[in-house]
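A short worksheet on the structure shown next.
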Amino acid sequence: MLGPNGRFLRDLLDHADFRAARMHTSLLDEWATQPILQRPQPSDADWFLAAAMP
């Protein structure tokens, strides 16, 4: 079970820098503005579905 950071870990493992073994300790700071570290936003479809639920 990956818990709440499962999406981040999946995205990290799929990132080109990870696959090319270019990881280093300051990489997360460099990624601060990239989508991999941004909280995913619900789509309009997600909001419509949530609104339709009782």
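Rank Trp47, Gln34, Pro4 by how far each Cα sits towards the positive end of the charge dipole of the chain (+1 on Lys, Arg Cβ; -1 on Asp, Glu Cβ) and give me just the farthest. So the residue furthest toward the plus end is Pro4.
If you take all C-alpha pairs in the range 3-52, what percent of them are over 15 Å apart?
Roughly 58 percent, once rounded to a whole number.
Per-residue 3J(HN,Hα) values for the range 33-44, derived from phi via the Karplus relation 6.51 cos²θ - 1.76 cosθ + 1.60 with θ = phi - 60°, read 9, 8, x, 4, 9, 8, 5, x, 9, x, 6, 4 Hz in sequence order (x marks Gly and Pro). 3J(HN,Hα) along the range 15-28, derived from phi through the Karplus expression 6.51 cos²θ - 1.76 cosθ + 1.60 where θ = phi - 60°, amounts to 6, 4, 5, 5, 5, 8, 6, 9, 7, 8, 5, 8, 4, 4 Hz, with x in place of Gly and Pro. The loop-placed trypsin sites (Lys or Arg not before Pro) in the chain, going by DSSP, that have at most 12 neighbouring Cβ atoms within 10 Å of their Cβ come out as Arg22.
Calculated FRET efficiency, Leu49 to His15, Cβ-Cβ distance, R0 = 30 Å: about 0.55 to the nearest 0.05. The slack between Gln41 and Asn5, meaning 0.36 nm per residue of separation minus the straight C-alpha distance, is 11.5 nm. For the chain, a crude dipole built from +1 on the beta carbon of Lys and Arg and -1 on the beta carbon of Asp and Glu, taken about the Cα centre, is about 160 debye to the nearest 20.
Read the figures in this text as sums done on the coordinates, not as results from a lab. None of these values were measured; they are calculated from a predicted model. Virtual Cβ from ideal backbone geometry, glycine too; neighbours counted across all protein chains shown.
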